[in-house]
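A.B. asks: Sending over a structure as structure tokens; questions will come in a sec.
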Amino acid sequence: MQYSEWQEQLVETVQACRLKAQEEYKKRLNRIQTAQPVQNVSVKLTFNDYIKNFVVNSSSVYSGDYNMIEGFINEWKALVQSLQLEQQPVHVQQAIAIMTGDIERVVENIASLSPNDEEFTRKVMKQLDVFISYVIVSIRDGWSTNPELYSKLLTITNDFLSQMGVHTIPLQLGEKINYETTEPVVSTSNITDDAEADETIKEIQLYPYVFGKEEIPFIFGKVIAWKKG
């Protein structure tokens, strides 16, 4: 396919996506505003349970549709407003305020990019790196304080990343580390006498994130691995 043909198809796709996104945003916003509280069984899910379920074999990749990312920030703000944060501890209010600021900056930066830029994909991936490093990690760190609240934030965040063409690579406790996708972090509680357990995953801190059909993650997974003493 010639580059000019690819550009024409991209423009047509973006125009179609904008029309679809407007209706989809209205539906999603209505769903958030009328959502029932998370049931107790959902609250028992861990942060990694939510991320593990976010293994999306999606071939879709963000193509420059501003309405879609604008819809996400509006949905995020509507959800935050519905959470009645004034009833939450100050540190939770502050954490969510910081995340909202980070999201606004990333969304603004992505919206400013042109699909005709030869480095468009690389620049989008850089912004998504910032998004995950700040927002997803912040949600993970706050999870233990209020899993019901943070699970709602993570659900719409995963939805946004999925639409951007991002998915995670699955990891399993007890499996050998794949150094092409995952890196161990320093730990003082990972020594074992079991030789077979050496360099196997003890704890998952962050799953690897992949963009589109790329095989190498743009964010490596982070795990605590067993080490033979």
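Nothing in this text is a laboratory measurement; each read-out follows from the coordinates by a stated rule. Computed from a predicted structure; not experimentally measured. With ideal geometry, Cβ positions are generated from the backbone for all residues, glycine too; neighbour counts draw on all protein chains shown.
A.B. asks: Cα centroids of the stretch 77-121 and the stretch 165-190: how far apart, whole angstrom?
C.D. replies: Using only Cα atoms to place each centre, the spacing works out to 27 Å.
A.B. asks: Another question, then. Would you kindly derive the ³J(HN,Hα) couplings of the stretch 165-180 from the backbone phi angles with the Karplus curve 6.51 cos²θ - 1.76 cosθ + 1.60 (θ = phi - 60°), listing them in order in whole Hz, with x for Gly and Pro?
C.D. replies: x, 9, 9, 9, 8, x, 10, 10, 4, x, 8, 5, 5, 9, 6, 7
A.B. asks: While we're on this one: Taking θ = phi - 60°, what integer Hz values does the Karplus form 6.51 cos²θ - 1.76 cosθ + 1.60 yield along the stretch 103-117, in sequence order, with x for Gly and Pro?
C.D. replies: Result, ordered by residue: 5, 4, 5, 5, 4, 4, 5, 5, 5, 7, 7, 9, x, 7, 5 Hz.
A.B. asks: Along the stretch 75-80, what does the Karplus equation 6.51 cos²θ - 1.76 cosθ + 1.60 (θ = phi - 60°) give for ³J(HN,Hα), rounded to whole Hz, x for Gly and Pro?
C.D. replies: Per-residue couplings from phi come out as 5, 4, 5, 5, 5, 4 Hz.
A.B. asks: Kindly put 140, 105 in sequence by how many other C-beta atoms sit within 10 Å of each C-beta, fewest to most.
C.D. replies: By the 10 Å Cβ count, ascending: 105, 140.
A.B. asks: If I take every Cα pair under 8 Å that is 6 or more residues apart in the stretch 95-213, average their sequence separation and divide by the length, what percent do I get for the relative contact order?
C.D. replies: 24
A.B. asks: While we're looking at this one, here's another question. Long-range amide H contacts for residue 225: which residues qualify at under 5 Å (H placed 1.01 Å from N, peptide plane, sequence gap of 5 or more or a different chain)?
C.D. replies: 185, 202
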